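What follows draws every value from the coordinates through simple rules; no lab data is involved. Everything numeric in this text was worked out from a predicted model, so none of it was measured. FYI the Cβ positions are ideal-geometry reconstructions off the backbone, even for glycines, and counts take in every protein chain you see.
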Amino acid sequence: MKKILIMFVVTLMASAGFSNDEAAIDELFAGRAPTEEGVQIAMEAATQYGVLADVTEDTETKARLEVKESDALYYVGDLGDKEAKIKYHGLGDMNLVDAVTSLEELAAGTPEGEDLERVKMLLARAIYVKAANMGQWAVATGIKTDAVQNRLGEMTTALARIKELGRGYPRGTGPLSTNDYGILRIEGQLALKLYDNVEAALSAFKTAFKLTGGSVKNATPSRHSTNNLYYAKVSIAVNDLDTARTVLKALVAADAQTLHPNRIPETLKDQKEAQAILSSIGG
């Protein structure tokens with residue numbers, strides 16, 4: 001009966017214009033952009049990832065689709081106003097509760113080997129995307145509110161789990177490197193937003209910048225545009241304008257098409273912000 005229902009839903013998806021092909025939805029999401037139409041494309045991709053995940057039985061595939069759904073929701077929230085950020089980042093966070101649980105169970109029952117490595121990487125990514133959405137939801141909601149304060153332990157646990165998954169891997173590889181060391185971006189933001197600890201934030205952002213190809217000495221940008229922005233902004237906060245200018249100029253001069261082919265819209269957006277910051281500091 002369940003298989004019949006799934007086939008019925010898949011048929012409905014096709015007739016309603018929804019894709020049951022993950023690659024086709026990936027291609028749709030690749031068309032996202034910081035415009036009203038581009039955000040709508042991201043929202044449509046999120047919806048289609050979610051619908052496809054709902055009719056997928058394989059645990060790993062289902063979780064991967066749900067991670068992509070939350071990634072798309074993050075993009076929608078990131079470009080929205082406060083109300084949109086609270087809504088879509090909140091959805092992106094809660095959407096991955098079951099995925100993280102199911103991947104933890106899958107990892108626990110998978111023997112050592114390539115399959116386990118793949119599951120661990122996906123688990124780390126799921127935890128990261130959930131935490132990233134939670135962090136943006138928290139900022140929009142208000143860091144000092146009870147709703148956010150009551151979930152800080154959950155965030156700490158998530159970051160600790162990624163670190164645990166990443167133990168024993170060579171530098172620059174493994175679960176810790178997920179989303180170009182996204183865990184360090186979250187830790188840096190927490191240091192700033194929660195504790196006004198600029199030095200801790202500087203350490204986190206500088207490390208993420210270097211581990212993803214960035215070099216101030218060689219004026220080379222990190223491949224992840226946000227790593228450049230965060231490092232530059234905190235450098236300004238400690239009055240290191242020379243470093244900030246070097247990092248920002250390197251980002252602005254980079255080719256967005258090749259810096260990170262999977263993040264072209266985000267890179268273009270960050271380059272625009274980098275140029276604005278440069279102008280404000282006499283760059």
Requested in this report: Before anything else, pin down the relative contact order of segment 1-165: Cα pairs under 8 Å, at least 6 apart, normalised by residue count, whole percent.
Outcome: 17
Query raised in the report: Translational D (Stokes-Einstein, µm²/s) of segment 42-182 at 10 °C and 1.306 mPa s when Rh comes from the Kirkwood sum over C-alpha pairs?
Result: 103
Report task. Alpha carbons only, please: Rg and Dmax for the chain, in angstrom. Result -> 19.5, 67
Query raised in the report: Which residues in segment 209-233 place their backbone N less than 16 Å from a point set 7 Å from the Cα of THR258 along the Cα-to-Cβ direction?
Result: 220-224
Query raised in the report: What ranking do HIS224, HIS260 get, fewest neighbouring Cβ atoms within 10 angstrom at the top?
Result: HIS260, HIS224
**Report entry** Global geometry of segment 154-217, whether rounded, prolate or oblate, following the gyration tensor of its Cα atoms and the 1.5 cut on a/c
**Finding:** oblate
**Report entry** Full-extension gain in nm, LEU152 to MET94, via 0.36 nm per residue minus C-alpha separation
**Finding:** 19.4 nm
Requested in this report: Sort LEU192, LEU28 so that the residue with the fewest other Cβ atoms within 10 Å of its own Cβ comes first and the one with the most comes last.
Outcome: LEU28, LEU192
Report summary line: The residues ASP54, ASP240, ASP180, sorted from fewest to most surrounding Cβ atoms within 10 Å, come out as ASP54, ASP240, ASP180
Report task. Pop a pseudo-label 7 angstrom from the Cα along the beta-carbon direction at both ASN239 and LYS82 and give the gap in nm to one decimal. Result -> 3.3
Requested in this report: Compute the signed sum of charges (Lys and Arg +1, Asp and Glu -1) over the other residues within less than 10 Å, Cβ to Cβ, of VAL234.
Outcome: 0
Query raised in the report: Counting alpha carbon pairs within less than 8 Å and at least 6 residues apart, what relative contact order, in whole percent, applies to segment 188-283?
Result: 22
Report task. Evaluate 2.2 N^0.38 Å with N set to the residue count of segment 188-283, then give the Cα radius of gyration divided by it. Result -> 1.00
Query raised in the report: Counting each DSSP H run of 4 or more residues in the chain as -39500 (n - 2.57), what helix-only mean residue ellipticity at 222 nm follows after dividing by all residues, to the nearest 500 deg cm²/dmol?
Result: -24000 deg cm²/dmol
Query raised in the report: Label point 7 Å out from SER203 along Cα-to-Cβ: which residues of segment 158-177 have amide N under 18 Å?
Result: 159-160, 163-164
Report summary line: Relative contact order as a percentage, the chain, C-alpha pairs under 8 Å and 6+ apart, gives 10
